[in-house]
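The values are calculated or read from the model by the stated rules, or taken from the named source; none is laboratory data. All figures in this text were calculated on a predicted structure; none of them were measured in a lab. Glycine gets a Cβ as well: all are built from the backbone with ideal geometry, and neighbour counts include every protein chain shown. With ligands, DNA and RNA removed, areas are computed over all heavy atoms of the protein, side chains included. Shrake-Rupley method; radii C 1.70, N 1.55, O 1.52, S 1.80 Å.
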Amino acid sequence: MWNFQTDPEFQAKLDWAMKFVREECEPLDLLFPHLGQPYNMENKAARAILGPLRDRVKEQGLWACHLGPELGGQGYGQLKLALLNEVLGRSMWAPTVFGTAAPDTGNAEILAMYGTDAQKAKYLQPLLDGDIVSCFSMTEPQAGSDPKEFVCAARRDGDEWVISGEKWFSSNARYASFLIVMAVTDTEASPYRRMSMFVVPAETPGIEIVRNVSVMGDREELDEGTHAYIRYNDVRVPADAILGGPGQGFEVAQSRLGGGRVHHAMRTVGKCQRALDMMGERVLSRRTQGETLAKKQMVQQFIADSAIELEQYRLLVIKTAWVIDNEPHGAARTYIAMCKVAMAKIYHDIIHRAIQIHGSLGATTETPLHIWWSGVISMGLADGPTEVHKVAVARGVLANYEPTENLFPSEHIPTRLAEAKIKHAAILEEHGIA
């Protein structure tokens, strides 16, 4: 059965979260607006505010809900997480306040599944407690996110692995206590068995941050870049720093990327809803040519298109979450790719309309719209380029079809009509129909 209702007990949790995000998390966005600040452990003022807020979240049983009870979470399924992440998506700081900030969420899951007891004690628990942050170091400057083109390598040397090569766009490396690094360990293996994953402490000799790359909205003169271009200069880690085993790097990576993509989609719903809320208020408040903007047909089209597209997208995300919860592992792969593709377009279109409706104010830095707009481009690239996911969607859809063995397609009317006449020939003849 499909049921479009939320059980009252969980709805009360969502209502509390919505009020809390509006009153407590959104002000943090204003006080500490730079994207890197939720990960900056040296920002003492932000940390002093953050601690009590996290305590209140934990009192409500809403801390790190994606994790199982054995790791301090609630073990929510993806459907509940979708509804909660819609709320958290309204604020940049909210995921940090609720213990669900990327890449720490995925890295925690990797350590929980593949880490040694020592690694869990040193890194997993502090990560779960929100006392440290981490980095996922995978993409490379010459290869982007295509693992088949990676060249950063790790070789075995006695009781150690030695990592050499470069990584690109390793987010939050400047703040991280450890990095999870993907490196080639067997150049002769098949493309998806060439790589392994390693836990690398941030203080390990040989880690060189060439520069912290700025993105749109960052100010280079203030060194606000948080996406590190890293060079690993013969970085040595112990043999047990490997996660999983040799050649399992792609498998380990996939264990975190699928969930990360759909959670990103969930939060985008909340951000777009906030933009739609801003549009609704604006068009009812602003007057031009003797009437409110809400009376203008083009503005009404903006509102209608945004509401319809957001509702369609929200239902796609919720269905994807439902499939993850209820169908066998892998069944949601195409749906996750659909969410990724649709996310970039929905986000672009709704934020753009919101800016247009706000006129010159929308082009200033006096509303959140300029921050969201600066993320439009990266939205099409985060977690893999949109175009790559379109290919995945097409392949997933086409897997449900087969080619016709006949000259004409299966919906060819003359062919089907002839078959229908043969099937019902006796009745047609009885009634004088040729």
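Structure notes:
- Net charge of neighbours whose Cβ lies under 15 Å from the Cβ of T367, counting Lys and Arg as +1 and Asp and Glu as -1: +1
- Gyration tensor (alpha-carbon) shape descriptor, segment 68-139, a/c threshold 1.5: prolate
- Residue by residue, segment 188-201 carries 3J(HN,Hα) couplings of 8, 6, 5, x, 9, 10, 7, 10, 9, 10, 10, 8, 10, x Hz when phi is fed to the Karplus relation 6.51 cos²θ - 1.76 cosθ + 1.60 (θ = phi - 60°); x denotes Gly or Pro.
- When peptides 225-237, 335-347 are sorted by average Cβ neighbour count within 10 Å, with the highest value leading, the order is 335-347, 225-237.
- Segment 142-192 - accessible surface per residue (Å², probe 1.4 Å): 46
- Greater than 19 Å apart at Cα, pairs in K340/K390; K167/K390; K167/K340; K44/K167; K19/K58: K167/K390; K167/K340; K44/K167
- Net length gained if the chain between S378 and L31 were fully extended (0.36 nm per residue, minus Cα distance): 122.6 nm
- Looking at the chain, the DSSP beta bridges with both ends there are about 85 percent antiparallel.
- Residues of segment 13-47 with amide N under 18 Å of a point placed 7 Å along Cα→Cβ from E281: 18-31
- Solvent accessible area, Å² - E59, 1.4 Å probe, full protein context: 150
- Cα-based equivalent ellipsoid, segment 348-434: semi-axes from gyration tensor eigenvalues, Å: 57, 20, 8
- Segment N406..H431, full-extension length gain: 5.9 nm, with 0.36 nm per residue of separation and the alpha-carbon distance subtracted.
- Phi to ³J(HN,Hα) by Karplus 6.51 cos²θ - 1.76 cosθ + 1.60 over segment 49-62, Hz, x for Gly, Pro: 6, 5, x, x, 5, 4, 4, 5, 5, 5, 4, 7, x, 10
- Rounded to whole Å, sorted largest first: equivalent-ellipsoid semi-axes of the chain, Cα gyration tensor: 41, 33, 22
- Using the Cβ of I163 as centre and a radius below 14 Å, the other residues enclosed give a net charge of -1, where K and R count +1 and D and E count -1.
- Our note on the geometry: Cα centres of segment 226-250 and segment 276-342, 40 Å apart.
- Share of pairwise Cα separations in segment 58-184, more than 24 Å, in percent: 37
- Radius ratio Rg over Rh of segment 216-363, counting only Cα atoms, Kirkwood formula for Rh: 1.14
- Expressed as a whole percent, the accessible surface of the chain that belongs to carbon and sulfur atoms is 55, based on a 1.4 Å probe.
- Gaussian network model of the chain, springs between alpha carbon atoms under 10 Å - residue of V184, V388, V87 with greatest fluctuation: V388
- For segment 299-307, 3J(HN,Hα) per residue [Karplus equation, 6.51 cos²θ - 1.76 cosθ + 1.60, θ = phi - 60°, Hz, x = Gly/Pro]: 5, 4, 5, 4, 5, 5, 4, 5, 5
- S190/R219 FRET efficiency (R0 45 Å; Cβ-Cβ; nearest 0.05): 0.50
- Largest accessible area first, the residues L361, L31, L81, L276 order themselves as L31, L361, L276, L81 under a 1.4 Å probe with ligands, DNA and RNA left out.
- Ranked by solvent-accessible area (1.4 Å probe, protein heavy atoms only, all chains present), the residues T268, T116 order from largest to smallest as T116, T268.
- Full-extension gain in nm, Q312 to E160, via 0.36 nm per residue minus C-alpha separation: 49.6 nm
- Estimated inter-spin distance, T364 and I209, nm [label 7 Å along Cα→Cβ]: 3.4
- Sum of -39500 (n - 2.57) over DSSP H runs of 4+, divided by residues of the chain (222 nm, nearest 500): -14500 deg cm²/dmol
- Comparing E311, E405, E26 in a Gaussian network model of the chain (Cα springs below 10 Å), the most mobile by mean-square fluctuation is E405.
- Ligands, DNA and RNA are left out, and with a 1.4 angstrom probe the accessible area of segment 356-434 is 77 Å² per residue.
- Average silhouette area of segment 142-182, convex hull of alpha-carbon atoms, in square nanometres: 3.6
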